[in-house]
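The values are calculated or read from the model by the stated rules, or taken from the named source; none is laboratory data. It should be emphasised that the depicted structure is a prediction, and the values quoted were computed from it without experimental measurement. Glycine also receives a Cβ, built like all others from the backbone with ideal geometry; neighbour counts cover every protein chain displayed.
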Amino acid sequence: MAIDGAQTGKKGSLLSRALSSTEPAPALEIGGGCTTMSEVRVLVINTGGTIGMVPQSEGLAPEANKLAGALKKMPVLHDVAYANETQLYSRLKLGKDTLVLPASKQNKRIIYTILELHPLLDSSNMTPAEWDKIARHLKINYEKYDGFVILHGTDTMAYTASALSFMCENLGKTIVLTGSQVPIYELRNDGRANLLGALLFAGQFVIPEVCLYFCNKLYRGNRVTKVDAESFNAFCSPNLPPLANAEVDITVDWETVWRAKTTKRFAIHTNMNCHVGLLRIFPGITAAAVKAFLQSPMEGVVLETYGSGNAPNNCPDLLDELKKATDRNVVILNCTQCLHGSVTSVYATGKNLMDAGVISGADMTPEAALAKLSYVLSKPGSLDKKRKKLEESLRGERTNSPIGTQISLKDSKFIQKIAQSLLISCKEELGAVKDALTPPLACAAAKSGDLDAVKALRNMGGNLSFGDYDGRTPLHVASCEGHLEMVQHLLKSGATMYAKDRFGATPLLNAIKFRHHSVICLLRTAGAHLSSQELVNVGTELCSLAFNGDVDGLRAWHLAGVDLNQPGYDGNTPFKVAEAAGHVEVKEFFSQLTT
Ligand code: ASP
């Protein structure tokens, strides 16, 4: 990712700066047509909620097949002239539910398609079946879009965001849930700004998390809770600062952004365990009530306790019921009723719960804890393993003390020396120096295959997904060089494989161009794919390789998942070209592919 206004805090208008941010998302092929260099695609999954509600006889309720048409009449959310001039609909073979945002300063466009679920729901009616439905749509469309927005009612948005954060495994693209407190059809509403902000984050940034955008803030989805039924500022993230603030500047806190450090491809997990529940302790709660709640088929319970995780310890029957339940393998996760803070074992009243086999939920929200229980209990494995998983941070949902010593920016002698020579002393300027230096240094280390140097930069807090002045990330460079171990390390450090350099190339294309077959296979396993820009004229490129008898080059494209039968500019296929040029080895290679 290139360093730009969005990260360095340069001033400018909100919209222009949002659109000028260049953590790049690739333009992708949809329905056979081609997006241009300046276009990105976002899928908006509309599940319902106030944002698309209209007054009906019994009160506000969602109305089907209305949203896309209404948004088309809002110039800030749809540029009719651009759609017509560029023949958007015929070029991309799009239906009427696709819209395009006005241009950014750099003439970039977010083209977004609205997929409306049936029936649209007030989110009070949401169940895990709807989470499954949303997850399936994300999976089906994952490679076709650069980012995703989910329109959702605010009442249970924190539950859905939490659930999806676990259900989406090895996520590499941005998913943003949003909605509003007032329908978008009303004159004064918060829906327009929330939708616009969510689209900008989903289309312009690679923040590979399930996020929630509301009232100018982008939060980690599994850290939020709804705190206000009347204010536009309906959500808060009590134990984690926002991932991004969309004020005059859009500032992303890249160090807080959670990344799946993996070489596995995106997958969804559905069919969460439904035998879970929330039990709130209150003064006078009886052992009988607790006993009843914990009966079979209950398999997991989030116990909402007082303060730092305390429950009455002067009622032995109650503790006994909890102990009996954990002995029966019912998993009990302790979360505080307080908005802010964490479960500890400071008090005897809390320690006694731990003794009864209750697991600490640290600073998780009850919503996240419930979703996590449901997710972990629906996975195969021993109960011991599941209990351990609950104590880990799986998607950044709980604050665990870091393992080992983390070197802070202040401890980095190297950065300090540079700062001194530049007469820099304040934290912000030091951060800017680090952000400016990390990309070229990390790219140099990636080029020479110096794993230790890359690790040291990471430990200094350097972001390995940032690009240099040409938008080239360490992953681009390592892919060009064919450093398999380095590519693996970068992916496992959370480097994004969807970054595009200023020439529009992804690391996968770099690996193809330099015929690094093992790197191509690794990137493909991790879910990398070529964008439509990268596939323009691919037939001609293949014919040229065939003409030159370049089996290695052809194999590289094949390993990247490209169909080698695509004709070149003159309609001849690569096979025909090889035949005419008398390249027997190329013909043999083609026949091996078909057998
Ligand atoms: N009842 C609505 C819902 O959750 C509230 C909202 O969207 O703000 O669907």
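Confirm whether ILE140 is within 22 Å of ILE207 (Cβ to Cβ), without any contact (Cβ under 8 Å) to a residue 40 or more places away in the chain and either within 16 Å of the ligand (Cβ to nearest atom) or out of contact with any Cys (no Cβ under 7 Å at 6 or more places or on another chain) (or both). Break it down into steps so the answer makes sense when it comes.
Values: within 22 Å of ILE207 (Cβ to Cβ): yes; without any contact (Cβ under 8 Å) to a residue 40 or more places away in the chain: yes; either within 16 Å of the ligand (Cβ to nearest atom) or out of contact with any Cys (no Cβ under 7 Å at 6 or more places or on another chain) (or both): yes.
Against the criterion (within 22 Å of ILE207 (Cβ to Cβ), without any contact (Cβ under 8 Å) to a residue 40 or more places away in the chain and either within 16 Å of the ligand (Cβ to nearest atom) or out of contact with any Cys (no Cβ under 7 Å at 6 or more places or on another chain) (or both)), ILE140 qualifies.
Among the residues of region 263-295, count how many are in a loop (DSSP other than H, G, I, E, B) and more than 22 Å from ASP355 (Cα to Cα).
Here is the first cut: in region 263-295, the ones in a loop (DSSP other than H, G, I, E, B) are 263-266, 269-275, 281-286, 294-295.
Next, from what is left, pick out any that are more than 22 Å from ASP355 (Cα to Cα): 263-266, 269-275.
Number satisfying all stated conditions: 11.
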Identify the single condition in (1) buried (at least 19 other Cβ atoms within 10 Å of the Cβ); (2) among the small types (Gly, Ala, Ser); (3) part of a loop (DSSP other than H, G, I, E, B) that GLY571 does not satisfy, given that it satisfies every other one.
(1)
Considering only strands (runs of 3 or more DSSP E) wholly within region 15-131, the ones with at least 3 residues that are within 16 Å of the ligand (Cβ to nearest atom), aliphatic (A, V, I, L, M) and modelled with pLDDT of 95 or more are 109-121
Residue that is surrounded by the most Cβ atoms within 10 Å (Cβ to Cβ), among those in region 228-256 that are touching a residue at least 40 places away in the same chain (Cβ under 8 Å) and acidic (Asp, Glu):
ASP249
Residues in region 47-64 that are crowded, with 22+ Cβ neighbours inside 10 Å and polar (S, T, N, Q) total 2
Of the listed residues (GLU230, GLU209, GLU247), the one being within 16 Å of the ligand (Cβ to nearest atom) and acidic (Asp, Glu) is GLU230
Scanning region 204-219 for residues that are touching a Lys or Arg at 6+ places or on another chain (Cβ under 8 Å) and over 16 Å from ALA161 (Cα atoms) gives GLN204, VAL206
Could we say that LEU522 is free of Cβ contacts under 8 Å to residues at least 60 places away in the same chain, out of contact with any Gly (no Cβ under 6 Å at 6 or more places or on another chain) and outside any loop (DSSP other than H, G, I, E, B) here?
no
When you check HIS529 against the structure, is it touching an Asp or Glu at 6+ places or on another chain (Cβ under 6 Å) and either of a type outside the set (Ser, Thr, Tyr) or farther than 22 Å from ASN170 by Cβ (or both), yes or no?
yes
Can you tell me which condition ALA499 does not meet? The list is (1) over 21 Å from LEU457 (Cβ atoms); (2) buried (at least 22 other Cβ atoms within 10 Å of the Cβ), and all the others hold.
(1)
Restricting to region 148-201, name every residue that is under 22 Å from MET364 (Cβ atoms), away from the ligand (no atom under 13 Å from the Cβ), among the polar types (S, T, N, Q) and touching a helix residue (DSSP H, G or I) at 6+ places or on another chain (Cβ under 9 Å).
SER162, SER165
Which is surrounded by fewer than 16 Cβ atoms within 10 Å (Cβ to Cβ) and either modelled with pLDDT under 75 or part of a helix (DSSP H, G or I) (or both), of LEU457, LEU423, LEU441?
LEU423
If ASN170 passes every condition in (1) within 18 Å of the chain's Cα centre (by Cα); (2) crowded, with 20+ Cβ neighbours inside 10 Å but one, which one does it miss?
(2)
Within region 502-519, count every residue that is in a loop (DSSP other than H, G, I, E, B) and either surrounded by fewer than 21 Cβ atoms within 10 Å (Cβ to Cβ) or of a type in the set (A, V, I, L, M) (or both).
6
In region 243-262, what residues are within 11 Å of GLU169 (Cα to Cα) and outside any loop (DSSP other than H, G, I, E, B)?
none
One residue is enough: does region 220-227 have a residue meeting the conditions within 14 Å of the ligand (Cβ to nearest atom), charged (D, E, K, R), at pLDDT 95 or above and crowded, with 23+ Cβ neighbours inside 10 Å?
no
